[in-house]
1. Pick from A305, A298, A330: which is in contact with a Pro (Cβ under 9 Å, 6 or more places away or on another chain) and either in contact (Cβ under 8 Å) with a residue 60 or more places away in the chain or buried (at least 16 other Cβ atoms within 10 Å of the Cβ) (or both)?
2. Among the helices (runs of 4 or more DSSP H) confined wholly to the range 175-294, which include 1 or more residues that are touching a residue at least 40 places away in the same chain (Cβ under 8 Å) and buried (at least 21 other Cβ atoms within 10 Å of the Cβ)?
3. Scan Q134, Q109 and give me the residue that is buried (at least 21 other Cβ atoms within 10 Å of the Cβ) and not aliphatic (A, V, I, L, M).
4. Being closer than 14 Å to L332 by Cβ and crowded, with 20+ Cβ neighbours inside 10 Å is true for just one of A70, A140, A66, A97. Which residue is that?
5. Before we move on, is E130 under 17 Å from the mean Cα position of the chain (by Cα) and of a type outside the set (A, V, I, L, M)?
6. Hey, could you check the range 279-321 for residues that are at pLDDT below 90 and either of a type in the set (K, R) or out of contact with any helix residue (DSSP H, G or I) (no Cβ under 9 Å at 6 or more places or on another chain) (or both) and say which is farthest from Q240 (Cα to Cα)?
7. Among the candidates P301, P338, single out the residue that is in a loop (DSSP other than H, G, I, E, B) and on the phi < 0 side of the Ramachandran plot.
8. So, A283, is that one over 27 Å from T118 (Cβ atoms), among the small types (G, A, S) and under 12 Å from the mean Cα position of the chain (by Cα) or not?
Amino acid sequence: MPIVSRSDLVPFILAFSLGLLAAGLCVWLATPLPWMIGPLLATAIGRMAGVDLHAPLAVRSAGQWAIGTALGLYFTPPVVQVLASYIGFIALGIVFAMGLGLFCGWLLQRMTGIDRTTAFFAMAIGGAAEMAAQGERHGARVDRVAAAHSLRIMMVVLIIPFAFKFSGVHGLDAYQPGARIVSYPGLALLIAATSAMAWLFRRRDLPNAWVIGPLLVSIGLTATNINLSALPEWMVHLGQLFIGISLGSRFSREFLHTAPRYLGCVALCSTVAMLLAFGFGLALSALSGIHPATAILATSPGGIAEMSLTAKTLELGVPIVTAFHVMRMAVLVMTIGPLFNLMRRWQAARAGAS
């Protein structure tokens, strides 16, 4: 079976070409995350203008693989020791993220009148695909859940990197990848090992398989001082471009015409979430000694790849940001169903008592 079907080939070539041009423009303009933000914006605008653009699932997976593998190369033995000392703060960040999702879900439900199930899964701080799938099992409106997560991620990707860029935030990251030289025999082994784990995760229907699988293999190798190869810079750029056009392809002309009041409320709730996460990040920084900008990225309501890439670009504690987001995502995916059932029973008990 071909990776890209014949019917999807032309829309994919158009999306790729448009993304490449937009990335080049953003590099020239010196914007943050040019290889992801440029393609994301260009593809989203094109889609909402009615242009037939498409990023197949395999393209998104390839982008996730590149980012997951590259991030794992930062987890050297000294870095793993440092992260172990932050485990309590990571747990605190997970509790905050779950509470933030509950609060924003309640806020969205109050503002829009949408059913509680849809509001709950629409505002949970997790991946769009995972939350849509979980929501569908519990009777949520999948289209509204997916739209909310697409809009939230787009806002986070656009607002936080630009805010850091224009406020002059930049670190001098003490954490460097274990492998810094590209060795093509080693690179071939790294690609084979990480891809095999991603395939295994995907077969077992685990979330974010093409990020987490390669990330874990890359971490395992680097943490044991097995440095096969660095990833060529063009692979990392291509991975960002693939993620950008995949995010942008979620939008369509119908997106803007589907419940505009609902989307406006989602945008407002997402803004509230970012502001609350900003305050929590500052408080966490004061408690833990983590660089404030690193703590803000680590606790922001964004995705693993997007926030970790921002940390990489600005040299702001890549392993710390990655660890916070990976652990949050893993715990959320495992507990979101039981948490929803617990909330539903609690609400039923309250209704019965009254």
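1. A330 is the lone residue from the list that is in contact with a Pro (Cβ under 9 Å, 6 or more places away or on another chain) and either in contact (Cβ under 8 Å) with a residue 60 or more places away in the chain or buried (at least 16 other Cβ atoms within 10 Å of the Cβ) (or both).
2. 184-203, 209-223, 233-248, 260-288
3. Q134 is the lone residue from the list that is buried (at least 21 other Cβ atoms within 10 Å of the Cβ) and not aliphatic (A, V, I, L, M).
4. Residue meeting the stated conditions: A97.
5. For E130, the condition - under 17 Å from the mean Cα position of the chain (by Cα) and of a type outside the set (A, V, I, L, M) - is met.
6. Per the criteria, the residue is G289.
7. Criteria check complete, one pass: P301.
8. no
The values are calculated or read from the model by the stated rules, or taken from the named source; none is laboratory data. Just so we're clear, the structure is a prediction, and the values are computed from it rather than from any experiment. With ideal geometry, Cβ positions are generated from the backbone for all residues, glycine too; neighbour counts draw on all protein chains shown.
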